[in-house]
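Enquirer: Submitted below is the structure of interest, expressed as structure tokens.
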Amino acid sequence: MCTRILWSSGGEPGVGVVAVARTLDWMEEPATTLAIRARSAHRSSGVDEGGLSWTSRYGSAVTLLYGTLTADGMNEAGLNVNGLYLSESDYGDRDASRPGFRLGTIVQYLLDTFATVAEAVTWFETAKPQVVAESIGSEPGTAHLSLADRSGDSAVIEFLGGQTIIHHGPQYTVMTNSPRYDEQLARASAAGSAQLPGGADSPERFLRAAHYAAGLPTTADPVEAIASLLSAERACAVPYGVDEPGRPNIAATRWTSICDLTDGRYLFTSSTTPNLIWVDLTAAAVDGGGERLLDPAQVPAASGEVSALFSLSDGEA
């Protein structure tokens with residue numbers, strides 16, 4: 001369904017350009033919208049009993065599925081959060097003593113609130129938040145999360161059997177979908193030097209992502225770094241139009257994002273409008289003035305820095 005790669009272009013975590021690329025693979029067009037979200041915005045977790053309200057500490061650039069669900073993004077402090085499909089996710093029966101979040105709102109909360117992976121991991125360990133199941137379009141909203149920051153730190157967070165499982169450390173650079181993350185790591189280790197697989201299933205994409213990320217050349221050039229990472233991520237994409245009904249981990253790649261955590265750029269390219277566009281969070285107005293939105297499908301000729309093309313929203317998701 002999706003593939004995520006964290007890479008530091010200097011050859012070790014936090015050195016050179018630190019960036020995260022991810023694909024969004026989905027069974028249908030997810031009505032994707034880009035949003036620039038300001039500091040000091042008021043939001044809620046979308047859960048009636050045990051829900052939270054908060055004011056955003058950091059501005060962010062995010063991608064919304066179906067206009068409401070924050071699936072991906074980065075904030076001005078250099079924290080990236082991704083939501084990826086995981087069919088095995090089990091959030092457990094609702095425990096109102098734990099802070100409750102809809103899937104899309106927990107991604108936004110992390111971006112609004114934390115500057116580093118370590119801060120977010122500490123919050124998961126102490127606050128013990130609980131995700132509440134919701135549908136994503138016509139499909140179940142079962143997912144796991146990945147986080148990264150400018151230091152090259154990383155975390156993969158899963159919700160299994162009602163428990164939160166955290167893999168924290170800069171070594172967790174690659175992530176796909178099923179099976180659960182510890183099994184993915186074990187499979188990758190056991191594969192060793194076996195021939196690189198070319199299929200679209202999740203374990204095959206995991207091996208390709210790890211292989212290509214490990215082979216990327218070191219560079220201090222931001223353009224070369226982003227081009228290298230984007231090329232590796234595209235090698236893991238599922239061709240547009242390829243869907244296998246009944247196999248939830250295989251669906252066409254709808255879009256790819258890259259979070260340049262070092263230079264504060266959120267880049268995006270769609271399979272149907274493939275020009276690379278981006279938002280420079282150091283230049284975008286994230287200090288007030290409300291949320292601004294952009295539908296990439298409505299500006300197919302756009303390329304480069306596009307924050308000026310965003311329009312003020314009537315309200316926030």
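Enquirer: From the helices alone, meaning DSSP H stretches of at least four residues, give me the mean residue ellipticity at 222 nm for the chain, per-run term -39500 (n - 2.57), in deg cm²/dmol to the nearest 500. Please report the intermediate quantities before stating the final value.
Expert: Working: 5 runs with 59 residues, N = 317.
One gets -6000 deg cm²/dmol as the mean residue ellipticity at 222 nm.
Enquirer: Let me ask another. For the range 38-110, what class follows from the C-alpha gyration tensor (a ≥ b ≥ c being the square roots of its eigenvalues): rounded when a/c is under 1.5, otherwise prolate if a/b is larger than b/c, else oblate?
Expert: Working: a/c = 2.07, a/b = 1.28, b/c = 1.63.
Here the range 38-110 falls in the oblate category.
Enquirer: From zero up to wherever the largest Cα-Cα distance of the chain sits, split into 10 Å bins and tell me the percent of pairs in each.
Expert: Pair shares across the bins are 6, 29, 38, 22, 4, 0.
Enquirer: Which of the GluC sites (Glu not before Pro) found in the range 24-104 are loop residues per DSSP with 11 or fewer other Cβ atoms within 10 Å of their Cβ? Numbers along the way, then the final one.
Expert: Details: sites: Glu28, Glu49, Glu76, Glu88; in loops: Glu28, Glu49, Glu76, Glu88.
Here the sparse-neighbourhood loop sites are Glu49.
Enquirer: Continuing with the same structure: For the chain, modelled as a GNM with alpha-carbon contacts under 10 angstrom, which of Val242, Val117, Val15 fluctuates the most?
Expert: With Cα springs under 10 Å in the chain, the top fluctuation among Val242, Val117, Val15 is at Val242.
Enquirer: Please give the net charge around Gln163, taking every other residue with its beta carbon less than 11 angstrom from that of Gln163, where Lys and Arg add +1 and Asp and Glu add -1. Show your work: numbers first, answer last.
Expert: Working: positive: Lys128; negative: Asp90, Glu158.
Every neighbour counted, the sum reads -1.
Enquirer: Can you give the FRET efficiency to the nearest 0.05 for Arg57 and Lys128, using r as the Cβ-Cβ distance and R₀ = 22 Å?
Expert: Details: r = 21 Å, r/R0 = 0.95.
With a Förster radius of 22 Å, E is 0.55.
Enquirer: How much of the calculated P(r) for the range 21-154 lies past 23 Å, in percent of all Cα pairs? Display every interim value, and only then the final one.
Expert: Working: 2504 of 8911 pairs.
Tail of P(r) above 23 Å: 28 percent of Cα pairs.
Quick note: the coordinates plus some simple rules give every number you see, no bench work behind them. Please read all numbers here as calculations on a predicted model, not as lab measurements. No Cβ is skipped: glycine too gets one built from the backbone with ideal geometry, and neighbour counts run over all protein chains shown.
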